[in-house]
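Inspection log for the structure reproduced underneath, given as structure tokens.
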Amino acid sequence: ASMNGPAFACAGEPVQFTNISTPVFTNSIWDFGAGQTSNSTHVFHNPGTYTVMLISEDGPCRDTAYRNITIRQRPTVNFTHVPLEPCPAPVTVNFAGTGATTYSWSFGGSGANPSFTYTTNGAYTVTMVGTDANGCKDTAQKSFTIHPWNMVLDSDTPGGCAPIPITF
């Protein structure tokens, strides 16, 4: 028996293995450390080194192959934005991503600290994908609303006739 598969993968992502045994066997049984299955794709949820076992069967003939795979921890990414409650449009929002080596933003930006100018008021959702040095990814998403200018003036003068002096 013989198999192909990656030597490294990221926690939480599907990993595909391929039976490349010759001659071609009629039955393949995979064991990823949690019991046997006929499915050659597996998701390892925790970092560590695992041994994958392939049992190839054809009638009374049976052969076994083993392959180690190292599962790497995914990064934990996050981001902030300033201002927290931007208003009114057009307004430039500054973003700051953490936890990764490279960043990709849903508005088209890149880098850890991009800015974006919103030209209309409304609700927005920003998604950032952070990738670490091993190629493992995590996603963070936040929503905010750009409100129209809303000014409330409060005076200690209750009223009067024009012209009226107002003190704030």
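Kirkwood Rh over alpha-carbon pairs of segment 32-71, then Stokes-Einstein at 4 °C and 1.567 mPa s: what D in µm² s⁻¹, rounded to an integer?
Working: Rh = 11.4 Å.
D, rounded to a whole number, is 113 µm²/s.
Count charges around THR102 for me, please; just the other residues with Cβ under 10 Å from its Cβ, Lys/Arg as +1, Asp/Glu as -1.
So the surrounding residues net to 0.
Take the Cα atoms of segment 1-45, build their convex hull, and give its volume per residue in Å³. Write out the running numbers ahead of the final one.
Values: hull volume 3.1 nm³, N = 45.
Here the figure is 68 Å³ per residue.
Would you pull out the residues with amide H under 5 Å of PHE44's amide H, same chain only if 5 or more places away, H placed 1.01 Å from N?
Distant-sequence amide H within range of PHE44: GLY12, GLU13, VAL15.
Provide the FRET efficiency to the nearest 0.05 for the ALA7-CYS87 pair, computing r from the beta carbons and using R0 = 41 Å.
Numbers: r = 51 Å, r/R0 = 1.24.
Efficiency for this residue pair is about 0.20.
Sort largest first and round to whole Å: the equivalent ellipsoid semi-axes of segment 39-140, each the square root of five times a Cα gyration tensor eigenvalue. Can you show the working numbers first?
Details: eigenvalues 425, 38, 17 Å².
Values for segment 39-140, descending: 46, 14, 9 Å.
Considering only DSSP states other than H, G, I, E and B, which chymotrypsin sites (Phe, Trp or Tyr not before Pro) in segment 69-143 qualify as loop sites with at most 15 other Cβ atoms within 10 Å?
Details: sites: PHE79, PHE95, TYR103, TRP105, PHE107, PHE116, TYR118, TYR124; in loops: PHE107.
Listed in order of number, the matching sites are PHE107.
Treat every Asp and Glu Cβ in segment 1-120 as -1 and every Lys and Arg Cβ as +1, leave all other atoms uncharged, and give the resulting dipole magnitude about the Cα centre to the nearest 20 debye. It would help to have the intermediate numbers written out before the result.
Values: 4 positive and 6 negative charges, 48 e Å.
It works out to roughly 240 debye.
Counting only protein heavy atoms, what percent of the accessible surface of segment 99-149 is carbon or sulfur at a 1.4 Å probe?
Numbers: 1400 of 2770 Å².
Roughly 50 percent of what the probe reaches on segment 99-149 is carbon or sulfur.
So for segment 1-139: antiparallel DSSP bridges make up what percent, rounded to the nearest 5? Display every interim value, and only then the final one.
Working: 40 of 43 bridges.
Bridges in segment 1-139 that DSSP calls antiparallel: roughly 95 percent.
Report the full-extension gain for the segment ASN27 to THR145: residue separation times 0.36 nm, less the Cα-Cα distance, to one decimal in nm. Show your work: numbers first, answer last.
Details: separation 118, 0.36 × 118 = 42.48 nm, distance 5.60 nm.
Between ASN27 and THR145, full extension yields 36.9 nm more.
The values are calculated or read from the model by the stated rules, or taken from the named source; none is laboratory data. Just so you know, these numbers come straight off a predicted model, no measurement behind them. So basically every Cβ, Gly included, is an ideal-geometry build from the backbone, and we count neighbours across all protein chains shown. Only protein heavy atoms, including side chains, enter the accessible area calculation; ligands, DNA and RNA are left aside. Shrake-Rupley method; radii C 1.70, N 1.55, O 1.52, S 1.80 Å.
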